[in-house]
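The values are calculated or read from the model by the stated rules, or taken from the named source; none is laboratory data. Here the structure is a predicted model, which means the values were calculated and not measured. No Cβ is skipped: glycine too gets one built from the backbone with ideal geometry, and neighbour counts run over all protein chains shown.
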Amino acid sequence: MKNFRYISLFSACALMLAGCTADLDNSSIDFENEGNISTKILNTSANSDKGSILVRFNDTAERTLASRAILGGATRSGVLGVDAILDDIGGYSVEPVFIINDQTREKVMEMGLHLWYVLHFEEGTDLDRVAARLAKVGEVERVQFNEKIVRRYNPRSESVGNKVTSIKAATATRTSSSEEIPFTDGYKRYLWGLNNQGTNSYVQEATVEADVNALPAWKLCTGDPSIIVAVVDEGVMYSHEDLAANYLINFTEQSGRAGVDDDGNGYVDDVYGYNFAGTPSNNISWSGRNDSGHGTHVAGIVAAVNNNRAGISSIAGGDGSNNGVKVFSIQIFDDENGSTISNTAKAMQYAAIRGAHIMQCSWGYESGAFRNDNAYKSYYGGVEMEAIDYFIKNGGSANGPITGGLAIFAAGNEMGSIPGYPAAYKNCIAVTSIGPALKPAYYTNYGKGSDIGAPGGDMLYDYGGILSTVPPQHSSLTDADTNQKIPYDFFQGTSMACPMVSGVAALGLSYAKRLGKSYTADEFRSMLISATNKFDPFFTGSISFTDDKGHHTLNFADYIGQMGAGYIDAYKLLLQVEGTPFFTIKTNTSTTLSLAPIFGEGVDRLALHSLEISTEDKIAAGVTSCTYTNGKLTIKCTKSGCATVSLSLLVGGNNINESANPAPTVITKRFVVISKEEKAGNGGWL
């Protein structure tokens, strides 16, 4: 049994509400009843910003607010009851939560977000008294304390078991082996989350299938710079050697006039993104004493530059020809500062304003703080939930591969039987974590609300962390050959699993862009969650360990059916985008597949013309036999891998051949056979 200090990389708010929110269901709220003011107040003042409060006005106040044109902040709202309170308490400004300008007005008003306002006053004001008074105003629909969003613990990996302190770079040449990452990146052998070689891996306890199946996916696509991922987190080091080429720069602002909003998006000089922590500014930072490199680490998993003879490979970082997806920073944690609920909501709108297709969020509230969507919205999610929905509806870019955006959140690291919110919110994608042995990571949250799993690391398995980019001052790693500190490190957490899914989603959208395909956000979300492999058969046995909260025994069988639809498979997602059918079979088992879903119900009457599998694919999947008879394919693979089958059949009956006159029609179909230790839960063909 190993003893270690409990850690988590899941950045979260200080909110501790387990067991007290289950009854907060807004279905009984009567916003028209001014006498019952408690129903209008969504949360408590315990962890709130002391100088502000949020108000959502009702439709009656809309014309008054619009006539005041409060776009940059004003001293009064124009609503008499509210202004009287501000006069009494010494309020000094009123401003909309969301940016309302020529670019956003129609979208904001369509979703009713223009009715959310922040009232500012002196910090010594009694917040509860202000809220109670505001709730009595007829035009006020909801009052929400402007809670602070802060890290509950330092989100970086600490010493667990035999943690790695140095790593060795491989010779930076492209490999020809089908079992290795096909790029020149020096530390690629440590990237088991992309390519897990099982017992051949540097990780002691590993399963060959515990990865995102990146290698065959990269044969189809490695990224596209028009796809944008917003990293809502700590600041991202945009000058990092392995990120700079894939970092999204706002060139209009960079080449514009200092202090001027050159692109008219509501933010001045937002060259590298925007910082919503503390006092919002355009300064993206990562070097504070209490920063950890978390945002930079997350960004590297998605889009570190591939094939550049340095560092790591990433899921959607391109092939070295400037074709990786783009990431940029939306900062909500900065040294000792966190964001507020109003600034976090505004940050989510900013992700849409900047055209992000994916909002990558490795943060949230602890497991059990909210038991359902109604409790989340009633207590705390009012403005935040509406901001998430705004991004999902308005993310992406014109003529892009997706209409709307994907909100992807980490499920959390408390070992809880429910994911933390916002991850568990039905419109978000909640990501759980597995380790290199294809077991649930010891820390992961799970249960109802979990959508999908991904490699997030588990340092109970020695070197089982996720290696990615960090600012050099936050690294604990040295290069074994040079003994010099390197700007990379191993972290673990659902914080790392989350960008694995974001990276796969970005890769899928990149491929859709190349093929000229487009999806709604709901359509692509469904494709992403169904592009999985079954992990339940691997959930056997148990582990015991002790941390600072006591002794734990985890029975992996308890996680069966509780970690989401399966663990993410990049290749399966790209095959769905391509429209190529695939079958999943079990290794070392001769499997007979009906081809009716591909060729139609009359396939048993079609004669064989040709059956082809490339030599490379035969080796990769260990194909020992493959035959066609009467509409069925019988195949055996001895290795986990993928083989593309090109099958041509003759129309007209089994007695027809090519030399017949008139000549028969030849129908050719291409499909993929994926060999796994356990057959996928989706049942095969999609």
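Among the numbered conditions (1) surrounded by fewer than 21 Cβ atoms within 10 Å (Cβ to Cβ); (2) in contact (Cβ under 8 Å) with a residue 24 or more places away in the chain, the only one that ALA398 does not meet is (2). Taken as a whole, the condition of being in contact (Cβ under 8 Å) with a residue 24 or more places away in the chain and crowded, with 19+ Cβ neighbours inside 10 Å does not apply to ALA480. Is it the case that GLY381 is buried (at least 23 other Cβ atoms within 10 Å of the Cβ) and under 17 Å from ASP451 (Cα atoms)? Criteria not met by GLY381. Confirm whether LYS534 is at pLDDT below 95, touching a Gly at 6+ places or on another chain (Cβ under 7 Å) and within 25 Å of GLU414 (Cα to Cα). So LYS534 fits the description; yes.
Matching residues to (1) under 16 Å from the mean Cα position of the chain (by Cα); (2) outside the structural domain of HIS294 (by TED's automatic domain parsing); (3) more than 20 Å from TYR567 (Cβ to Cβ); (4) buried (at least 24 other Cβ atoms within 10 Å of the Cβ):
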{"residue": "ALA430", "(1), (2), (3), (4)": "yes, no, no, yes"}
{"residue": "ASP451", "(1), (2), (3), (4)": "yes, no, no, yes"}
{"residue": "ASP458", "(1), (2), (3), (4)": "no, no, no, yes"}
{"residue": "VAL470", "(1), (2), (3), (4)": "no, no, yes, yes"}
{"residue": "SER476", "(1), (2), (3), (4)": "no, no, yes, no"}
{"residue": "MET500", "(1), (2), (3), (4)": "yes, no, no, yes"}
{"residue": "ALA521", "(1), (2), (3), (4)": "yes, no, yes, no"}
{"residue": "SER530", "(1), (2), (3), (4)": "yes, no, no, no"}
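If we scan the stretch 258-281, do we find a residue that is assigned to a helix (DSSP H, G or I) and crowded, with 18+ Cβ neighbours inside 10 Å? No, there is no match, as no residue in the stretch 258-281 is assigned to a helix (DSSP H, G or I) and crowded, with 18+ Cβ neighbours inside 10 Å. The set of residues from the stretch 196-215 being at pLDDT below 95, of a type outside the set (A, V, I, L, M, F, W, C) and closer than 24 Å to LYS618 by Cβ comprises ASN196, GLN197, GLY198, THR199, ASN200, SER201, THR207, GLU209. Of the residues contained in the stretch 602-614, none is found to be in the same structural domain as ALA663 (by TED's automatic domain parsing), without any contact (Cβ under 8 Å) to a residue 60 or more places away in the chain, surrounded by fewer than 17 Cβ atoms within 10 Å (Cβ to Cβ) and closer than 23 Å to GLU678 by Cβ.
Of the candidates ALA596, ALA565, ALA505, the single residue that is more than 25 Å from THR638 (Cβ to Cβ), surrounded by 14 or more Cβ atoms within 10 Å (Cβ to Cβ) and free of Cβ contacts under 8 Å to residues at least 40 places away in the same chain is ALA596.
Going by what's in this entry, would ALA497 be described as among the hydrophobic types (A, V, I, L, M, F, W, C), touching a His at 6+ places or on another chain (Cβ under 8 Å) and either within 25 Å of GLY412 (Cβ to Cβ) or in a helix (DSSP H, G or I) (or both)?
no
One line per residue, one yes/no per condition, for (1) buried (at least 24 other Cβ atoms within 10 Å of the Cβ); (2) not aliphatic (A, V, I, L, M):
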site	(1), (2)
HIS297	yes, yes
GLY300	yes, yes
ALA303	yes, no
GLY355	no, yes
GLY368	no, yes
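Of the residues making up the stretch 74-108, those that are in a loop (DSSP other than H, G, I, E, B), farther than 29 Å from SER397 by Cα and not hydroxyl-bearing (Ser, Thr, Tyr) are ARG76, GLY78, VAL79, GLY90, GLY91.
Say whether the condition of being closer than 30 Å to GLU106 by Cβ and hydroxyl-bearing (Ser, Thr, Tyr) is met by at least one residue in the stretch 228-244. Checked the stretch 228-244: no residue is closer than 30 Å to GLU106 by Cβ and hydroxyl-bearing (Ser, Thr, Tyr). A Cβ distance below 7 Å, combined with a sequence gap of six or more or placement on separate chains, defines the contacts here; from the stretch 364-387, residues that are of a type in the set (Lys, Arg) reach residues that are modelled with pLDDT of 90 or more and in a helix (DSSP H, G or I) in the pairs LYS377/MET385.
For the residues LEU24, LEU54, LEU71, the requirement of being aliphatic (A, V, I, L, M), outside any helix (DSSP H, G or I), in contact with a strand residue (DSSP E or B) (Cβ under 9 Å, 6 or more places away or on another chain) and modelled with pLDDT under 55 singles out LEU71.
LEU595: touching a Gly at 6+ places or on another chain (Cβ under 7 Å) and hydrophobic (A, V, I, L, M, F, W, C), yes or no? Yes, satisfied.
The set of residues in the stretch 542-561 being touching a residue at least 24 places away in the same chain (Cβ under 8 Å) and in contact with a helix residue (DSSP H, G or I) (Cβ under 9 Å, 6 or more places away or on another chain) consists of ILE543, PHE556, TYR559, ILE560, GLY561. Note on the stretch 633-653: residues that are farther than 22 Å from SER614 by Cβ and touching a helix residue (DSSP H, G or I) at 6+ places or on another chain (Cβ under 9 Å) amount to 3.
Determine whether ASN283 is free of Cβ contacts under 8 Å to residues at least 40 places away in the same chain and within 21 Å of LYS148 (Cα to Cα). Yes. Of all residues in the stretch 109-137, those that are assigned to a helix (DSSP H, G or I) have Cβ atoms under 8 Å from Cβ atoms of residues that are hydroxyl-bearing (Ser, Thr, Tyr) and surrounded by 14 or more Cβ atoms within 10 Å (Cβ to Cβ), 6 or more apart or on another chain, in LEU113/TYR390; LEU127/SER45; LEU127/SER48; ASP128/SER45; ALA131/SER45. Cβ-Cβ distances below 8 Å connect no pair with a first residue in the stretch 231-258 that is modelled with pLDDT under 95, a second residue that is surrounded by fewer than 21 Cβ atoms within 10 Å (Cβ to Cβ), and a separation of six or more residues or different chains. Of the residues making up the stretch 532-566, those that are more than 19 Å from the chain's Cα centre (by Cα) and closer than 22 Å to ALA505 by Cα number 2.
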